[in-house]
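The values are calculated or read from the model by the stated rules, or taken from the named source; none is laboratory data. Values in this document were obtained by computation on a predicted structure and should not be read as measured data. Counting neighbours? That spans all protein chains shown, and the Cβs are built from the backbone with ideal geometry, glycine included.
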Amino acid sequence: MKYFALLVILVILFYPYIKLLKFTTRDTKFKYKKKRALLTPLKKVGIYILIFIILIFIPVEIFLRIFNIQFAVSPHTLLIDDFHPTLQTQMTTEDNKYYKDLNMDSSGFRGEEITQNKPKNTYRIFILGGSTAFLISTPYQKSAPRLLEKMLSDKYKNKRIEVLNAAVEGYTTEQSIIEYLFKIKDYKPDLIIAWQGINDMGQSCQTDNGEPARGPFKSDYSNKFGAIRDMVLSYYLPKPLISFSPLSFGFVNHFVVSNFYSDFVNYFKSIQKKQQRKRVDFKFVSIDAYRRNLQSLVDITKADNVGLILGNQPYLYTKQLDKTIAWGLEKSCLNDKLTAPSIDSLINGINSFNSTTKQIAEENNVGFVDLESKIPKNQTYFVDEVHFVGAANNIVANTLFSYITNNNLIK
C-alpha cells in the first residue's frame, strides 16, 4: 500500500514536474525595474534551493529542535535518558515517542504500569534477555510476554498476573544478572523467564558490530562496549569540522529507505557483501563465560526463592537460506574485515549455547523450555537470523503457558 500510494503521488506530480523541468532548463528573460534580466538554469536551481531552505528546511528544523523531536535510529544513541551507569543502557518512557506500540512504563519495563510494592494476591513475572526477548519489531499487544500475561490472567482469574518485559536490546547474560540484582529484585518477582545467547555468542568476535573490538576476548566482556556501544561511539569518535547534524534529515532518510523499494536494494547490498567476505570456521570462545553467567543467575534466584525458567535461543540459521540472507554475524563478527563465520560455524555455535542452557537447567533442576525447536525455520516467523515476529510470538507464549500451568508454578 505504501508503494502504491507513493506511485500515485508520483503520477500526479509527473506533469507539473515536466513543466518545471522545461522551465528550469531554459533561459528566462524578464524586466525588473525597467532593466532586462536573465535567469539561467543555474540561477534557477540556486533560487529553488534558497526557497527550500527558507520556507521548508529552517521552519521544520526549528520546530524539531524546540520540541526535541528526533528520529531514533538506535535506542542507545540519541537519548541520554537511556543511559544507566550500572546497566549501560535501559529503556524509558521517552522511547515511546520513537517506536510505535512500544508501551514502556515509568519503571523501565515493557508492560502495564506497576508499583515497586507488589499488591496482595499478585503473581509477578519478569522476562530477561536481549533484543530477541525485547521484541521491538512486534507491537506490545502482540508480543509473547503480553500474550502470556493475558493467557495466565484468563486461567487464574482469582489472581492478578503481571508479566513485565525487562529485556533490553544488546543485553548479555552479564547485564541480565546486574539488572536482576539491582533493579528487578526490588520488585519482588515470583518468576524469572530468560532466553538469550546470541549476544553472548557475539562477544567472541574480534569486531563490535563491524567496528574493531577494544581488544581480544575477555571473560568479563570488557573487550567490547556492549549495549552502550552506539552511544559511546557517537560521543568519542572524531567529529567532522561541521558537527551540525540536521534532525530533519533523519526523518527524510528513514522515509526514503523505508519506502523506495528497500527490500530490493538491501537484497543486492547483501549479495555484494557476501562476495567480499570469505566464510571460515570460527570458534565462539565466550561459551565458558556464558555457562558461568547462567549458573550465577540460577544461584541468585534460588537464594532469593524466586522461580526460574531458562529458554534456549530461537534462530533461523539454515543452509537452505544461506545463499539468500546476509546473516547479522557476517557484519558484526568479521575477523579481519575480509572473513566471516561460515554457516556451519554459526549453526554449531548457537547450538552449543543452546545445549549449555539446557544443561545448566537440568543440572540445577530449574525450568527449561525448548523455544528453538518450536518456531519453524523460515522467513514467515523471523525478521532476521534470531529476531522472531508474527505468529512466533503465539508459539512462544503458548509454550511458556503450557510449562507454567503443567508444572503448577502458580498455586
Scanning for something in contact with a Pro (Cβ under 8 Å, 6 or more places away or on another chain) and without any contact (Cβ under 8 Å) to a residue 60 or more places away in the chain, does region 106-113 turn up at least one residue? yes
Identify, from the list SER258, SER176, SER234, SER248, the residue that is part of a helix (DSSP H, G or I), within 23 Å of TYR99 (Cβ to Cβ) and modelled with pLDDT of 90 or more. SER176
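Is it true that some residue in region 189-198 is in a helix (DSSP H, G or I), assigned by TED's automatic domain parsing to the domain that holds GLN313 and within 19 Å of ASP288 (Cβ to Cβ)? Steps first, answer last, please.
As a first pass, look at region 189-198 and keep what is in a helix (DSSP H, G or I): 198.
Going one step further and asking which of them are assigned by TED's automatic domain parsing to the domain that holds GLN313, we end up with 198.
Those still in the list that are within 19 Å of ASP288 (Cβ to Cβ) too: 198.
Taking every residue of region 189-198 in turn, at least one turns out to be in a helix (DSSP H, G or I), assigned by TED's automatic domain parsing to the domain that holds GLN313 and within 19 Å of ASP288 (Cβ to Cβ).
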If SER342 passes every condition in (1) buried (at least 21 other Cβ atoms within 10 Å of the Cβ); (2) touching a strand residue (DSSP E or B) at 6+ places or on another chain (Cβ under 8 Å) but one, which one does it miss? (1)
Within region 121-143, restricting attention to residues that are closer than 25 Å to GLY226 by Cα and in a helix (DSSP H, G or I), which residue is farthest from the chain's Cα centre (by Cα)? ALA133
Listed by first then second residue, the pairs whose first member lies in region 4-27 and is of a type outside the set (S, T, N, Q), whose partner is loosely packed, with under 11 Cβ neighbours inside 10 Å and not in a helix (DSSP H, G or I), with beta carbons under 7 Å and at least 6 positions apart or on separate chains, are ASP27/LEU38
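For (1) surrounded by 19 or more Cβ atoms within 10 Å (Cβ to Cβ); (2) part of a helix (DSSP H, G or I); (3) of a type in the set (Val, Ile, Thr), each residue gets a yes or a no:
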position: ASP81; (1), (2), (3): no, yes, no
position: MET91; (1), (2), (3): yes, no, no
position: GLU94; (1), (2), (3): no, yes, no
position: ASP101; (1), (2), (3): no, no, no
position: GLY108; (1), (2), (3): yes, no, no
position: GLU112; (1), (2), (3): no, no, no
position: PRO119; (1), (2), (3): no, no, no
Test each condition in (1) under 23 Å from THR138 (Cα atoms); (2) crowded, with 22+ Cβ neighbours inside 10 Å for ILE161 and report the one that comes out false. (2)
Conditions (1) surrounded by 16 or more Cβ atoms within 10 Å (Cβ to Cβ); (2) in contact with a strand residue (DSSP E or B) (Cβ under 8 Å, 6 or more places away or on another chain); (3) more than 20 Å from ALA133 (Cα to Cα): number failed by LEU321: (2)
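Restricting the search to region 35-62, which residues are β-branched (Val, Ile, Thr) and either more than 25 Å from VAL252 (Cα to Cα) or not assigned by TED's automatic domain parsing to the domain that holds THR24 (or both)? Give the derivation first.
Going residue by residue through region 35-62, those that are β-branched (Val, Ile, Thr) are 40, 45, 47, 49, 51, 53-54, 56, 58, 60, 62.
Result: THR40, single match.
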Kindly check whether there is at least one residue in region 153-166 that is hydrophobic (A, V, I, L, M, F, W, C) and under 16 Å from ILE228 (Cβ atoms). no
Mind listing whichever residues of region 281-297 are hydroxyl-bearing (Ser, Thr, Tyr) and more than 20 Å from ASP344 (Cα to Cα)? TYR290, SER296
Among the residues of region 107-148, write down those that are among the hydroxyl-bearing types (Ser, Thr, Tyr) and within 21 Å of PRO314 (Cα to Cα). SER131, THR132, SER137, THR138, TYR140, SER143
